[in-house]
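Trainee: I'd like to ask you about the structure that follows.
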Amino acid sequence: MAGDTLTSSEYIKHHLTNLTFGQHADGTLGIAHTSAEAAEMGFWAIHLDTMFWSLLLGVLFLYFFKKAADTATTGVPGGLQNFCEWIVEFIDESVRGSFTSKNVLVAPLALTIFIWIFLMNLMDLVPVDVIPLIAGWFGIHFMKVVPSTDPNATFGMAIGVFGLMLFYSIKVKCLSGFMGELTFMPFTSKNPVVQAIFIPINFLLEFVSLIAKPISLALRLFGNMYAGEMIFILIAIMYNAGAVLGLFGGALQLGWAIFHILIITLQAFIFMTLAIVYMDMAHNEH
């Protein structure tokens, strides 16, 4: 695709640019036709490809799990039912091992996070030129198909988990208890004057630790998936560098795809596990 019309640097930039909708420099709304236009649209621009693929994969997740629930039988389960039951049991064991309180929301939340992120990550195994090439036939300039390589998506999910964490921290401990955790830990003293001095220090340390949770959660997923996508793009460039490098690139692509399956699953599992742990911290009083 790129070898015929684009240089290597243009090819990489093209595959790393989202289909962006926002405000142009002249004040009109529309879709960016170049990476420069996409960058000029700023913070309030919408990445249409990220929205489309994430919502599509979410709908597919809900459809197949609902289908498995509607057709569930007490006899010998079918393939879909067997797979869904295995996933649910795996999530249930993970929640029981990391969540010590009682909240009926945590297990469905963990299931949604794991499957949704896994499906988004799985799109990285689709050959990098296939879907952008098909999109080009319809006049669509850019098409990134891996939502988890977009920091807007990863930060959106991380902020959602962070919001639930804050909500249950205040609900379980009350606002005074939650603020007490931020101001009376980790340094304490029986002397009221010394304790008063410790309060701003404690708040600074605990606030940084609190804010670091969603940031690290989002950047970990984004960084790993972005790096994986970049490697696939670099390997794809090798196909236009001659037969020998093309064959070598094919072998590299197969090896990296097999290894990347582990990364895809691991990143979904880590995001889910940390979400469970953060929810457990929100329910436990110190």
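Read-outs: derived from the displayed coordinates by stated rules, not from any lab. The structure displayed is predicted, hence computed values, not measured ones. Methodologically, a virtual Cβ is constructed for each residue, glycine included, from the backbone with ideal geometry; neighbour enumeration extends over all protein chains shown.
Trainee: In nm, what is the difference between 0.36 nm times the number of residues separating residue 140 and residue 199 and their Cα-Cα distance? It would help to have the intermediate numbers written out before the result.
Mentor: Values: separation 59, 0.36 × 59 = 21.24 nm, distance 5.49 nm.
Full extension from residue 140 to residue 199 adds 15.8 nm.
Trainee: Enumerate the lysines that residue 173 could reach by cross-link, defined here as Cα to Cα under 23 Å, with residues fewer than 8 away along the same chain left out.
Mentor: Within reach: 102, 190, 213.
Trainee: Scanning the chain for trypsin sites (Lys or Arg not before Pro) in DSSP loops with at most 10 other Cβ atoms within 10 Å, what's the longest stretch left with none? Display every interim value, and only then the final one.
Mentor: Working: sites that count: 102, 190.
For trypsin sites (Lys or Arg not before Pro) (loop position, at most 10 other Cβ atoms within 10 Å), the longest site-free span of the chain is 1-101.
Trainee: How far, in nm, would the chain grow between residue 34 and residue 261 when pulled straight, counting 0.36 nm per residue and subtracting the alpha carbon separation?
Mentor: On the way: separation 227, 0.36 × 227 = 81.72 nm, distance 3.20 nm.
Residue separation times 0.36 nm, minus the Cα-Cα distance, leaves 78.5 nm.
Trainee: Moving on. When 174, 84 are ordered from fewest to most other Cβ atoms inside 10 Å of their Cβ, what list results? Can you show the working numbers first?
Mentor: On the way: 174 12, 84 21.
By the 10 Å Cβ count, ascending, the order reads 174, 84.
Trainee: What base-10 log of the normalised intensity I(q)/I(0) is obtained for the range 1-144 from the Debye formula, alpha carbons as equal point scatterers, at q = 0.16 Å⁻¹?
Mentor: -0.94
Trainee: Could you give me the radius of gyration and the Dmax of the range 96-183, taking only the C-alpha atoms into account and expressing both in angstrom?
Mentor: 19.2, 59
Trainee: OK, next. Convert 20 °C to kelvin, take the viscosity as 1.002 mPa s, use the Kirkwood radius over C-alpha pairs of the chain as Rh, and evaluate the Stokes-Einstein diffusion coefficient in µm²/s, rounded to a whole number.
Mentor: Numbers: Rh = 21.9 Å.
This corresponds to a translational diffusion coefficient of 98 µm²/s.
Trainee: Also, quick follow-up: List the chymotrypsin sites (Phe, Trp or Tyr not before Pro) in the range 41-120 that DSSP assigns to loop (not H, G, I, E or B) and whose Cβ has at most 11 other Cβ atoms within 10 Å. Which are they? Kindly include the intermediate steps, with their values, before the conclusion.
Mentor: Details: sites: 43, 44, 52, 53, 61, 63, 64, 65, 83, 86, 90, 99, 114, 116, 118; in loops: 43, 44, 99.
Counting only loop positions with at most 11 other Cβ atoms within 10 Å, the chymotrypsin sites (Phe, Trp or Tyr not before Pro) in the range 41-120 are 43, 44.
Trainee: May I ask you to list, by number, the DSSP H helices of the chain whose Cα span along the axis is at least 20 Å and whose average Kyte-Doolittle hydropathy reaches -0.5 or more? Before the final figure, lay out the partial values.
Mentor: Numbers: long enough: 48-70 (32 Å, 1.08); 79-98 (29 Å, 0.03); 106-122 (24 Å, 2.19); 151-183 (33 Å, 1.00); 192-237 (65 Å, 1.57); 243-283 (59 Å, 1.65).
Span-like helices, by this rule, are 48-70, 79-98, 106-122, 151-183, 192-237, 243-283.
Trainee: Expressed in nm to one decimal, what extension gain is obtained for the pair residue 285 and residue 6 from 0.36 nm per residue of sequence separation less their Cα-Cα distance? Each step should come with its number before you reach the end.
Mentor: Details: separation 279, 0.36 × 279 = 100.44 nm, distance 5.77 nm.
In short, 94.7 nm is gained.
Trainee: Hey, if you put +1 on the Cβ of every Lys and Arg and -1 on every Asp and Glu Cβ in the chain, which of 179, 105, 68 ends up farthest toward the positive end of that dipole?
Mentor: Result: 179.
Trainee: Given springs between every Cα pair under 10 Å in a Gaussian network model of the chain, which of 186, 108, 132 has the largest fluctuation?
Mentor: 186
Trainee: Another question, if that's okay. Between residue 231 and residue 24, with labels modelled 7 Å along Cα→Cβ, what's the label distance in nm to one decimal, could you check?
Mentor: In this crude label model, residue 231 to residue 24 measures out at 4.0 nm.
Trainee: I would also like to ask the following. So how strong a dipole does the range 22-155 carry about its Cα centre when Lys and Arg Cβ are +1 and Asp and Glu Cβ are -1, to the nearest 20 debye?
Mentor: Working: 5 positive and 12 negative charges, 83 e Å.
With only Lys, Arg, Asp and Glu charged at Cβ, the dipole is about 400 debye.
Trainee: Which translational diffusion coefficient, to the nearest whole µm²/s, is obtained for the range 159-267 from the Stokes-Einstein equation, given a Kirkwood hydrodynamic radius over C-alpha pairs, 25 °C and 0.890 mPa s? Before the final figure, lay out the partial values.
Mentor: Details: Rh = 18.0 Å.
Calculated translational D: 136 µm²/s.
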